[in-house]
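**Q** Got a structure for you, written out below as structure tokens; questions coming shortly.
The values are calculated or read from the model by the stated rules, or taken from the named source; none is laboratory data. All of these numbers come straight from a predicted model, not from anything done at the bench. Glycine gets a Cβ as well: all are built from the backbone with ideal geometry, and neighbour counts include every protein chain shown.
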Number of protein chains: 2
Amino acid sequence: MPENRIRLSSLRDRIVPAEEAAALIGDGMIVGMSGFTRAGEAKAVPMALAARANAAHARGEPLRITLITGASLGNDLDKQMAEAHLLSRRIPFQSDPALRKAINAGEVMFVDQHLSETVEHLRTNQLGPIDVAVIEAVGITASGGIIPTTSVGNSATFAILAKKVIVEINLTQPEELEGLHDIYIPTRRPFREPIPVVTPESRVGLPFIPIDPEKIAAIVVTRKLDSASNVLPPDAETAAIAGHLMEFLKHEVKIGRLTNRLQPLQAGIGTIANAVMHGFIESPFGDLTMYSEVLQDSTFDLFDAGKLNFASGSSITLSKAKYDQVMPRITDYKSRLILRPQEISNHPEIIRRLGLIGINTALEFDLYGNVNSTHVGGTHMMNGIGGSGDFARNAYLSVFVTKSIAKGGALSSVVPMVSHVDHTEHDVDILVTEVGLADLRELAPRERARVIIANCVHPLYRDALSDYFERATARGGHTPHIIEEALAWHVRAREEGTMLPEKTRKIA
Amino acid sequence: MPENRIRLSSLRDRIVPAEEAAALIGDGMIVGMSGFTRAGEAKAVPMALAARANAAHARGEPLRITLITGASLGNDLDKQMAEAHLLSRRIPFQSDPALRKAINAGEVMFVDQHLSETVEHLRTNQLGPIDVAVIEAVGITASGGIIPTTSVGNSATFAILAKKVIVEINLTQPEELEGLHDIYIPTRRPFREPIPVVTPESRVGLPFIPIDPEKIAAIVVTRKLDSASNVLPPDAETAAIAGHLMEFLKHEVKIGRLTNRLQPLQAGIGTIANAVMHGFIESPFGDLTMYSEVLQDSTFDLFDAGKLNFASGSSITLSKAKYDQVMPRITDYKSRLILRPQEISNHPEIIRRLGLIGINTALEFDLYGNVNSTHVGGTHMMNGIGGSGDFARNAYLSVFVTKSIAKGGALSSVVPMVSHVDHTEHDVDILVTEVGLADLRELAPRERARVIIANCVHPLYRDALSDYFERATARGGHTPHIIEEALAWHVRAREEGTMLPEKTRKIA
């Protein structure tokens, strides 16, 4: 254990095994843990806690907690905790299949929240108090400040508000990460000042989380790496989506609405958004900046291609290959990177001020541009809304991307009415599938429908959607629907395994 | 015409009849007009324009425009313009029955927009350019600045961006309104600075709209009053809604989450929100402030009751009786009032910074707390989303109020699934009907449903909703639904005129 990792020497005798630290967490507690999009999560304590829950439950003793994180965790931690029946309530995001199963079975109460909002609820005592915070760190400063690792997420507010803090010092996280973070906490209401971030490059806070070191109840030393990102490489369809968006942006530049520097870019997590960001490599755009929540492989590819000047995020989540390439050279990138609390990376105030181009992924969207980002069949949670609402509502341009079909064509991503709404028509400007791009700005619903049918729908479903729209329009209304048929595609998918009408199925 | 109304003498010879000014507006133009919630709209020019459209159409000549306003217009102007087939496109809000009919028939393309966003679209050339702005004014300053009347709305940006400006000087609007307005326009991106409003009282701009006086192409003198507000007085049910909210807020104070000053209050337009605001008169709360969009009768009643210290809005919309009482004494109120551009009154940055308690009206809400504010039966537009999204998303507490039933019980305001979503579950904290209040904070959907069924649903519908929820839950999912039945209540309302199941109808 290098001394530099714990510079406040009085804390060095608080190093304990993970099991001992985990014992500070009791049944019924509210626990805040670091971790945002599989980056920088505390690793040893949640594993030890899951093991303790299994043992406790075997003895018939209760051990369930409310777990709040930044966003999703790596290293199968949500799976281990869910399978140990440790989680009674989980806030504000997850992306784990085992946890998802428990959520959909009603075993875990999942509160699906805009990622910028959780700490506001904590600060106003609407949620909390946080009994224990568990924060992964590169190290502890001489004043007892916590230096985060590959994510900031909600860690700063958790540590500041918690009664007790457990720090996991991860020796595999390079010490050179120090200086990457910018920890700014908005002042308390009713005296809150404007947040002084005016460009993606603005540094407005501290490079560590300032807390009273007396609250650090235990320190655990770990060596486990972040999980690699599970994003898939671009394919023909995601490349087509990127291509449509590049053509659109070139046209916006041509008519004088944007310059070749565009506006600061935000991209949601996942394969499609990552692929779209790759599309900028071969584009005419340059001197780009990002003001996003998660920085994926594409961010570093854009740096390396000389396209990107600066990136602000709340986490760095990379594939194994990209991680091995970037982390040894992190010092080279550091002057062009900031990691912020997710409250700041996703803050409506800053997103609106900077005028972002926000690119997020839809699960499905409808004729009128309403977007479902979370629920399969209107009922079953996938991951959660994450930051997509923070960005889509306040962006200069709100773009949603998806492939036009799923499950080999059995599902259309463009439907008469979405089965769940996460983003209303008011917050959706541009829709892109591999088929094409629909520019919905300043259009009324009937006009939106025609543009979407013409540009975004897979040919397998185009006639059926057009037929629905024409019959609905004959009935009238600002937003025409045949209300008794509006969800019929979802009913068919549930009962017959496909949204395709029977006659189309034979043709297909 | 008192000289003080046009202090820049070189403009005095631009006074023309309304018909002559209206002739500046040609077919296909984009026109921005003052007016917000039936206050401060230009009156003579739109009437003259509607008359001209009737005459032109009788001659077989085209005359249709895109009309952008702040919000709804008074004096039946939207009716006259819709019936004259003058409007091809209408942005961003309206509340007129005749216009609504044309919108639902697909004759007028209505773009239903968050009220804070329209000027961002104009400023970035996504909408516009504005050919002509028509702005009601108290007068024109010595520098050619326009002094608005009872609303600011989008008038400032319209006038600043328009090629030509028509000013309607309304002699019935008291000169004492001067000094009430605070015209602040955010700086241009990418150099936009934080908006310096840090309390409802913050004055950060000018008391007039600064424009190049050379753009003033015509001045029209008018004497028509604003339309009186059509808000109904409180009744037993709205009083019960107010009572439930007061009890809830008292409890929040008791447990230390709020003080008796609460947080700055916002209330949507309309009978129920106005009645709820009246509820504060007899409450233990005091030293209140408002940061809202429309200031209704209740604002002045709260001033007179000594409960309210300050109110910031974008318009003043009063009943006839209240208008007659307030306007002669406007000087007495002026130090406690500010009218701002709707971009600022509704700005996410400021709403989040101040931490508002936002109170808005729902048309219907569902088991899980999704709110429909706009569409009857999922298809037919009422008024538009207005500012409700600006406030609900960013408020400290987002409250939605409605009576539990409509049409004498034929419609339930609480349904299995809303037929249109304007506010997702993520943006709805508290629901109130005359039956009771549901506190949805930090609850998962299944928990939300039980709280809503127990507290908000009318007894006529409680068993049916509970039955739906229990059967849906048996199927599973994070947000349980029986997808083929989810909209059945709306189908029944459409086909049979009531949501009540047949057996319940007999009992009722």
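**Q** Is it true that residue A:444 is among the small types (Gly, Ala, Ser) and farther than 27 Å from residue B:385 by Cα?
**A** So residue A:444 does not fit the description; no.
**Q** Sticking with this structure for a sec: Counting only residues that are over 23 Å from residue A:293 (Cβ atoms) and outside any strand (DSSP E or B), how many does the range A:131-161 have? Give the derivation first.
**A** Here is the first cut: in the range A:131-161, the residues over 23 Å from residue A:293 (Cβ atoms) are A:131-132, A:139-145.
Cutting the leftovers down to outside any strand (DSSP E or B) gives us A:131, A:141-145.
The qualifying residues number 6.
**Q** Report yes if residue B:392 is crowded, with 24+ Cβ neighbours inside 10 Å and away from chain A (no Cβ under 13 Å), otherwise no.
**A** No.
**Q** When the residues of the range B:115-130 are narrowed to those that are polar (S, T, N, Q) and either in a strand (DSSP E or B) or under 19 Å from the mean Cα position of the chain (by Cα) (or both), which ends up nearest to residue B:345 (Cα to Cα)?
**A** That would be B:116.
**Q** Kindly indicate the residue of the range B:380-389 that is outside any loop (DSSP other than H, G, I, E, B) and facing chain A (nearest Cβ under 9 Å) and also surrounded by the fewest Cβ atoms within 10 Å (Cβ to Cβ) among those meeting that condition.
**A** B:380
**Q** Any idea which of B:269, B:241 is assigned to a helix (DSSP H, G or I) and surrounded by 23 or more Cβ atoms within 10 Å (Cβ to Cβ)?
**A** Only one candidate qualifies: B:241.
**Q** So, of the residues in the range A:128-161 that are surrounded by fewer than 23 Cβ atoms within 10 Å (Cβ to Cβ) and among the aliphatic types (A, V, I, L, M), which turns out to be nearest to residue A:183 (Cα to Cα)?
**A** Looking at residues that are surrounded by fewer than 23 Cβ atoms within 10 Å (Cβ to Cβ) and among the aliphatic types (A, V, I, L, M), I get A:160.
**Q** Looking only at residues in the range A:474-508 that are of a type in the set (Ser, Thr, Tyr) and buried (at least 17 other Cβ atoms within 10 Å of the Cβ), which one is farthest from residue A:438 (Cα to Cα)?
**A** For the range A:474-508, the residue satisfying everything is A:498.
**Q** Report, by residue number, each residue of the range A:37-73 that is crowded, with 24+ Cβ neighbours inside 10 Å and either assigned to a loop (DSSP other than H, G, I, E, B) or acidic (Asp, Glu) (or both).
**A** Once the filter is applied, which keeps residues that are crowded, with 24+ Cβ neighbours inside 10 Å and either assigned to a loop (DSSP other than H, G, I, E, B) or acidic (Asp, Glu) (or both), the range A:37-73 yields A:37, A:38, A:40, A:41, A:42, A:43, A:69, A:70, A:71, A:72, A:73.
**Q** Let me ask something additional. Of the residues that make up the range A:170-181, is at least one among the β-branched types (Val, Ile, Thr) and either closer than 21 Å to residue A:345 by Cβ or in a strand (DSSP E or B) (or both)?
**A** The answer is no, given that none of the residues of the range A:170-181 is among the β-branched types (Val, Ile, Thr) and either closer than 21 Å to residue A:345 by Cβ or in a strand (DSSP E or B) (or both).
**Q** Now a separate question. Quick check on the range A:390-418: of everything there that is of a type in the set (S, T, N, Q) and outside any loop (DSSP other than H, G, I, E, B), which residue is farthest from residue A:442 (Cα to Cα)?
**A** In this case the residue turns out to be A:412.
**Q** Let me ask you something else. Looking at the range A:427-445, can you tell me whether even one residue there is free of Cβ contacts under 8 Å to residues at least 60 places away in the same chain, surrounded by 21 or more Cβ atoms within 10 Å (Cβ to Cβ), within 14 Å of another protein chain (Cβ to nearest Cβ) and touching a Lys or Arg at 6+ places or on another chain (Cβ under 7 Å)?
**A** yes
**Q** Restricting attention to the range B:278-299, report how many residues are under 18 Å from the mean Cα position of the chain (by Cα), farther than 22 Å from residue B:93 by Cα and either among the hydrophobic types (A, V, I, L, M, F, W, C) or surrounded by fewer than 18 Cβ atoms within 10 Å (Cβ to Cβ) (or both).
**A** Result for the range B:278-299: 1.
**Q** Go through the residues of the range B:177-188 one by one and say whether even a single one is basic (Lys, Arg), surrounded by fewer than 20 Cβ atoms within 10 Å (Cβ to Cβ), within 14 Å of chain A (Cβ to nearest Cβ) and free of Cβ contacts under 8 Å to residues at least 24 places away in the same chain. So that I can check it myself, show each step before the final result.
**A** Here is the first cut: in the range B:177-188, the residues basic (Lys, Arg) are B:188.
Adding the requirement that they be surrounded by fewer than 20 Cβ atoms within 10 Å (Cβ to Cβ) leaves B:188.
Subsequent filtering for residues that are within 14 Å of chain A (Cβ to nearest Cβ) retains B:188.
Retained after the next criterion (residues that are free of Cβ contacts under 8 Å to residues at least 24 places away in the same chain): none.
Checking the range B:177-188: not a single residue is basic (Lys, Arg), surrounded by fewer than 20 Cβ atoms within 10 Å (Cβ to Cβ), within 14 Å of chain A (Cβ to nearest Cβ) and free of Cβ contacts under 8 Å to residues at least 24 places away in the same chain.
**Q** Now for a separate question. Considering only residues that are among the aliphatic types (A, V, I, L, M), within 19 Å of residue B:461 (Cβ to Cβ) and touching a Phe, Trp or Tyr at 6+ places or on another chain (Cβ under 9 Å), which ones fall in the range B:391-437?
**A** B:405, B:411, B:414, B:415, B:417, B:418, B:431, B:432, B:437
**Q** Related question: Hey, among the residues in the range B:258-288 that are out of contact with any helix residue (DSSP H, G or I) (no Cβ under 9 Å at 6 or more places or on another chain) and modelled with pLDDT of 95 or more, which one's nearest to residue A:124 (Cα to Cα)?
**A** B:261
**Q** Quick check: is even one residue across the range A:340-352 more than 7 Å from chain B (Cβ to nearest Cβ), surrounded by 24 or more Cβ atoms within 10 Å (Cβ to Cβ), touching a strand residue (DSSP E or B) at 6+ places or on another chain (Cβ under 9 Å) and basic (Lys, Arg)?
**A** Yes, because at least one residue in the range A:340-352 is more than 7 Å from chain B (Cβ to nearest Cβ), surrounded by 24 or more Cβ atoms within 10 Å (Cβ to Cβ), touching a strand residue (DSSP E or B) at 6+ places or on another chain (Cβ under 9 Å) and basic (Lys, Arg).
**Q** I would also like to ask the following. What are the residues in the range A:455-489 that are touching a residue at least 40 places away in the same chain (Cβ under 8 Å), touching a strand residue (DSSP E or B) at 6+ places or on another chain (Cβ under 7 Å) and either among the basic types (Lys, Arg) or within 12 Å of another protein chain (Cβ to nearest Cβ) (or both), if any?
**A** A:479, A:489, listed by residue number.
**Q** Going through the range A:353-379 one residue at a time, which ones are of a type in the set (D, E, K, R) and within 11 Å of chain B (Cβ to nearest Cβ)?
**A** Answer for the range A:353-379, where residues must be of a type in the set (D, E, K, R) and within 11 Å of chain B (Cβ to nearest Cβ): A:353, A:366.
**Q** Given (1) farther than 30 Å from residue A:353 by Cα; (2) aliphatic (A, V, I, L, M); (3) crowded, with 16+ Cβ neighbours inside 10 Å; (4) within 13 Å of chain A (Cβ to nearest Cβ), identify the lone condition not met by residue B:198.
**A** Going through (1) farther than 30 Å from residue A:353 by Cα; (2) aliphatic (A, V, I, L, M); (3) crowded, with 16+ Cβ neighbours inside 10 Å; (4) within 13 Å of chain A (Cβ to nearest Cβ) one by one, residue B:198 breaks only (1).
**Q** So which of A:114, A:121 ends up being facing another protein chain (nearest Cβ under 10 Å) and either touching a strand residue (DSSP E or B) at 6+ places or on another chain (Cβ under 7 Å) or free of Cβ contacts under 8 Å to residues at least 12 places away in the same chain (or both)?
**A** Just one listed residue meets the conditions, A:121.
**Q** Quick test of your reading of the structure: residue A:413 fulfils all but one of (1) at the interface with chain B (Cβ under 9 Å from one of its Cβ atoms); (2) under 21 Å from the mean Cα position of the chain (by Cα); (3) under 20 Å from residue A:384 (Cα atoms). Name the failing condition by number.
**A** Condition (1) is where residue A:413 drops out.
**Q** Could you tell me how many of the residues in the range A:74-114 are among the small types (Gly, Ala, Ser), surrounded by fewer than 20 Cβ atoms within 10 Å (Cβ to Cβ) and not in a helix (DSSP H, G or I)?
**A** Adding up the residues that qualify gives 3.
**Q** For residue A:13, work out the one condition from (1) acidic (Asp, Glu); (2) closer than 21 Å to residue A:225 by Cβ; (3) surrounded by fewer than 24 Cβ atoms within 10 Å (Cβ to Cβ) it doesn't fulfil.
**A** That leaves (2) as the condition not met.
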